[in-house]
Amino acid sequence: MNELPPAVLNDGGQSRDLGSTTPAGLQSMADLRERRRLVLGLNVGTWFILNWAAWSILGAGGWTLVDIVLAFAFAVATPWTVLGFWNAVIGFWLLHGADDGFEQVAPFAAAGDADTPIIIRTAIFMTLRNEDPARAIARLRIVKQSVDATGHGDRFDYFVLSDTSDAAIAEKEEALAAAFAAEAGADRVVYRRRTDNQGFKAGNVRDFCERWGMRYELMLPLDADSLMSGRTIVRHVRMMQAYPKLGILQSLVVGMPSSSAFARIFQFGMRQGMRSYTMGQAWWVGDCGPFWGHNALVRIRPFLDHCALPVLPGKPPLGGHILSHDQVEATFMRRAGYEVRVLPEEEGSWEENPPTILEFSRRDVRWCQGNMQYLNLFDVKGLLPMSRFQLTWAVLMFVGVPAWTLMIALAPLLALSPVARATFPSGFAIFVYLLFFVMYLMPKLAGFADVLISAGGAERYGGTFRFVSAAAIELVFSFLLGALTSFRISVFMIGLVVGRSVVWGGQQRDAMALSWREAFDAFWPQMAFGLGVVGLLWLGSPRAAWWSLPLTAGFLVAVPFAVITASPLIGRIFVALKLCGVPEEFNPPHEIVSARAGEAS
């Protein structure tokens, strides 16, 4: 394993100067820097153009304090949309305009297709905390069976790493893990339960690395809702084996078929939105790719030596143990001289999505708090500029949310101002408004177009009519969902300032109904906010109120939206009609069939 991989040998068999390439020799650093300069120029230029347009609209009748605040909020809120737009455009070009688009973003992928023996050992583990043990361990058993079917099962061992605090659940975990171990054979399956939950999931993983990690070259973390095919795992192991300086290889995780209407619609849109986006992003982030904490191969030795997380100064919510640990570990892995890559293809890597808007919102605020902790990491020494950008970007992703909420809240003041109404350039404002929506939706629009123009693309989703119908449903859904979640995050971020924190525990993963009372208790503030904003807009300008609906309708229908999308009846209708189904629903792989059969039994 000490020899150089083929990618760093020139035609004469001499090793290249690795300083001119990424650590694994996969790309020229000069080419990668050129890509990054191009993306930087496109994003900065587009941001300035959008903000010039906004300043021209807001300042048409002279500047007021409200105009200044709106201009500032727009400047803070737009970078995420601009980067998403260009990632999608670049990704779509790579998929359909470039002859070697996939090779440009994943030059390591060919090694996975070589019929080389697997000589390194990998630990596959599942981290649990108060989850349904039968469901989780059944998933891990399916993964093992799938890996064994490849003929390389002897190179893999399995671990159930529990941080469960509920004694009754822990008892079930232990019994089911013991049965799994007896079935798999001696030392192939290990169950371990911690009692203190020190460091949360990151601490759980580090404990594994310190106790068992040196037996293995690689580890594959799985969440309780994760599922992967053996073929995909073996293929990715071959890539890691071929390139010893590849530290993390993240698979593209997609949603599994679901009986929840909410989850079905969300993951249908997510699948379209992430394909071109991830492709475009991978093109320029290159060796500083993302890590999502699960369904990814990680090289254990550098992870153990270089990726220990600091305990942040101060108390929660921004101090203490880092909640969103994965991207921090990715930046530390890259600092240690190892590449972090994502493989942007949909193959054999799945997860489940929250079944209701309530669970989705809870997950969002957990991520929000974890990402905001990155504010304490900006002074960490030795990080690459791209790694610092990724941490900054993770913070800006959530900072932009209250900026949008603030703009919506202040919009009625413009509509109620006689001076603003008299000088407002409505035609230009409508143009900018629609242009911005196109940019905002570009990742999904690119995904829809990718499916429709790819040979057999729409057939994978049940045909063109069913796909287009699902796309239309999802676009409406995404606007309604965006309003609800943006308000919830905005309120939560205010809570962070005064010390409010989240509790990280088990998640509800099964389809479930929400009562009208539950929905009202959770989302009446959104409805009250929406009624106030739209009502004031209507008083000032009914036309403005109508134009606001893409941004405000979600507030107005928050409670019925929550109840209807969680309704088991609506879910059954969607399943029966196969609306918003993913390809695995129309042509399910063996692993999905096994998982669904186990859940039905």
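The values are calculated or read from the model by the stated rules, or taken from the named source; none is laboratory data. Bear in mind the structure is a predicted one, so any value in this text is a computation, not a measurement. Here the Cβ is made from the backbone with ideal geometry for all residues, glycine too, and neighbour counts use every protein chain on show. When the accessible area is computed, the model is the full protein with side chains, heavy atoms only, and any ligands, DNA or RNA have been set aside. Shrake-Rupley method; radii C 1.70, N 1.55, O 1.52, S 1.80 Å.
Could you count how many residues in the stretch 126-156 are surrounded by fewer than 21 Cβ atoms within 10 Å (Cβ to Cβ) and under 24 Å from the mean Cα position of the chain (by Cα)?
3
Yes or no: I473 over 22 Å from T46 (Cβ atoms), out of contact with any strand residue (DSSP E or B) (no Cβ under 8 Å at 6 or more places or on another chain) and surrounded by fewer than 14 Cβ atoms within 10 Å (Cβ to Cβ)?
Values: over 22 Å from T46 (Cβ atoms): yes; out of contact with any strand residue (DSSP E or B) (no Cβ under 8 Å at 6 or more places or on another chain): yes; surrounded by fewer than 14 Cβ atoms within 10 Å (Cβ to Cβ): no.
So I473 fails the test.
Can you tell me which residue among V432, V451, V401, V395 is assigned to a helix (DSSP H, G or I) and in contact with a Gly (Cβ under 6 Å, 6 or more places away or on another chain)? Steps first, please.
Details: V432 fails: in contact with a Gly (Cβ under 6 Å, 6 or more places away or on another chain); V401 fails: in contact with a Gly (Cβ under 6 Å, 6 or more places away or on another chain); V395 fails: in contact with a Gly (Cβ under 6 Å, 6 or more places away or on another chain).
Exactly one of V432, V451, V401, V395 is assigned to a helix (DSSP H, G or I) and in contact with a Gly (Cβ under 6 Å, 6 or more places away or on another chain), namely V451.
Residue pairs, Cβ under 7 Å, 6 or more apart or interchain, first in the stretch 269-291 and over 22 Å from S258 (Cβ atoms) and of a type in the set (V, I, T), second open to solvent by 10 Å² or more (accessible area, probe 1.4 Å) and outside any loop (DSSP other than H, G, I, E, B). List them.
Cβ pairs passing all conditions: V285/M386.
Is it the case that some residue within the stretch 497-516 is at pLDDT 95 or above, aromatic (F, W, Y) and either surrounded by 15 or more Cβ atoms within 10 Å (Cβ to Cβ) or within 20 Å of S258 (Cβ to Cβ) (or both)?
no
Taking W524, is it open to solvent by 50 Å² or more (accessible area, probe 1.4 Å), at pLDDT 95 or above and of a type outside the set (S, T, Y)? Can you show your working first?
Values: open to solvent by 50 Å² or more (accessible area, probe 1.4 Å): yes; at pLDDT 95 or above: yes; of a type outside the set (S, T, Y): yes.
Against the criterion (open to solvent by 50 Å² or more (accessible area, probe 1.4 Å), at pLDDT 95 or above and of a type outside the set (S, T, Y)), W524 qualifies.
Residues that are within 30 Å of L323 (Cα to Cα): list the helices (runs of 4 or more DSSP H) wholly contained in the stretch 488-596 that include at least 1 such residues. Full working, then the answer.
Details: elements: 516-540, 542-556, 558-566, 568-577, 583-586.
So the answer is 516-540, 542-556, 558-566.
Taking W367 as meeting all but one of (1) under 19 Å from V205 (Cβ atoms); (2) surrounded by fewer than 23 Cβ atoms within 10 Å (Cβ to Cβ); (3) in contact with a strand residue (DSSP E or B) (Cβ under 9 Å, 6 or more places away or on another chain), write down the number of the exception.
Exception for W367: condition (3).
Which of (1) touching a strand residue (DSSP E or B) at 6+ places or on another chain (Cβ under 7 Å); (2) surrounded by fewer than 18 Cβ atoms within 10 Å (Cβ to Cβ) is the odd one out, the single condition E345 does not satisfy?
Just one mismatch for E345, condition (1).
Here is a list: P257, P244. Which entry is open to solvent by 10 Å² or more (accessible area, probe 1.4 Å), under 24 Å from E339 (Cα atoms) and part of a loop (DSSP other than H, G, I, E, B)?
Working: P257 fails: under 24 Å from E339 (Cα atoms).
Within the list P257, P244, the selection yields P244.
Kindly indicate the residue of the stretch 73-108 that is touching an Asp or Glu at 6+ places or on another chain (Cβ under 8 Å) and among the aliphatic types (A, V, I, L, M) and also least open to solvent (accessible area, probe 1.4 Å) among those meeting that condition. Walk me through it before giving the result.
Going residue by residue through the stretch 73-108, those that are touching an Asp or Glu at 6+ places or on another chain (Cβ under 8 Å) are 92, 95-96, 102, 106.
Checking the rest, the ones that are also among the aliphatic types (A, V, I, L, M) come to 95, 106.
Working: L95: 63, A106: 4 Å².
So, considering only residues that are touching an Asp or Glu at 6+ places or on another chain (Cβ under 8 Å) and among the aliphatic types (A, V, I, L, M), the one least open to solvent (accessible area, probe 1.4 Å) is A106.
In this structure, is D31 among the acidic types (D, E) and open to solvent by less than 20 Å² (accessible area, probe 1.4 Å)? First the steps, then the outcome.
Working: among the acidic types (D, E): yes; open to solvent by less than 20 Å² (accessible area, probe 1.4 Å): no.
In short, no.
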